[in-house]
Every structure is written in C-alpha cells, then in structure tokens.
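Only one structure is covered here, and it is reproduced in the block below.
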Amino acid sequence: MSYELDGIKQIPFNELQEIINEGKPEPIIIDVREPEEYVEGHITNIPLIPMHNLPALISEFEKDKEYIFVCRSGNRSQNVALFFKDHGFEKVANYAGGMLGWQGEISTGLERVISEVKELYK
C-alpha cells in the first residue's frame, strides 16, 4: 500500500507492477539513474532520463501529467519527485523500493533513452 514521505507518494513494488501491467499512458514512469546502471538492468520499456539532465529539461514536461520516478534504491527518485513538486508539478510519485526492490521482468541495454521530453508523450 502506498504511503507519503515528505509530501511525495511512495509506490510499492506490487502497485508499480499493476500500473505497468495496465499499460495506460499515465502515469509516466521514468528511470532517473545513470546510463551505466540502466544498461545493467531496468524495468522493461521504462524510459531513461538521467537525474542530472532533468534541471535543463524541466520546462518541457507537462504539468498536468502524472509521473513516477525510479532509481536504484528510491533515494534519487525521491529527490527528483521533490524537485518536480518544487517546480509546480502536483502529480509526482516515487517508486520506494528502487531497482533493488524490483522483482519483476528486467531488460538490459539502452532500450529507451529519452533525449527530448516530447518523446515521453508519444
């Protein structure tokens, strides 16, 4: 069951797995780790936008969309969610377990690296 931490909704594994299985366009799930981490293993079909790229791209994100952020342990993705919230995004959440807690299918390689935010909305 989800809970809140510092005003950010924390999504547990089973809830994130359900969201992915539903295959809906929202929430938009984004992996914020470094490319080297993503290559080693990531949630299948989840796009990568490294955390350090987000400040330069924040103005391109649509504020009415819902986002869930993923990282290795849940710490960086929590910081990204807080950053988005500080920039006026209300519908942001953190995958609390991070990839360390992911029990579902994973893929390797650079499957879906996002260079332009508009690619998220296709």
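Every read-out reported here was derived from the displayed coordinates using simple, explicitly stated rules and does not represent laboratory data. The structure presented is a predicted model; accordingly, all values stated were derived computationally and were not measured. Cβ: placed from backbone, ideal geometry, glycine included. Neighbour counts: every protein chain shown.
Convex hull over the Cα atoms of the chain, averaged projected area in nm²?
Dividing the Cα hull surface by four gives the mean projection, 6.6 nm².
Considering amide H positions built from the backbone, and no H for Pro or chain starts, which residues 5 or more places from Leu5, or on another chain, come under 5 Å of its amide H?
Amide H neighbours of Leu5, under 5 Å, 5+ apart: Gln10.
Quick one: compute the contact order of segment 3-121, relative version, from alpha carbon pairs under 8 angstrom and 6+ residues apart, as a percent.
Worked out over segment 3-121, it gives 35 percent.
Quick one: Ser59, Ser77, Ser2, fewest Cβ neighbours within 10 Å first, how do they rank?
Least to most surrounded, the residues fall as Ser59, Ser2, Ser77.
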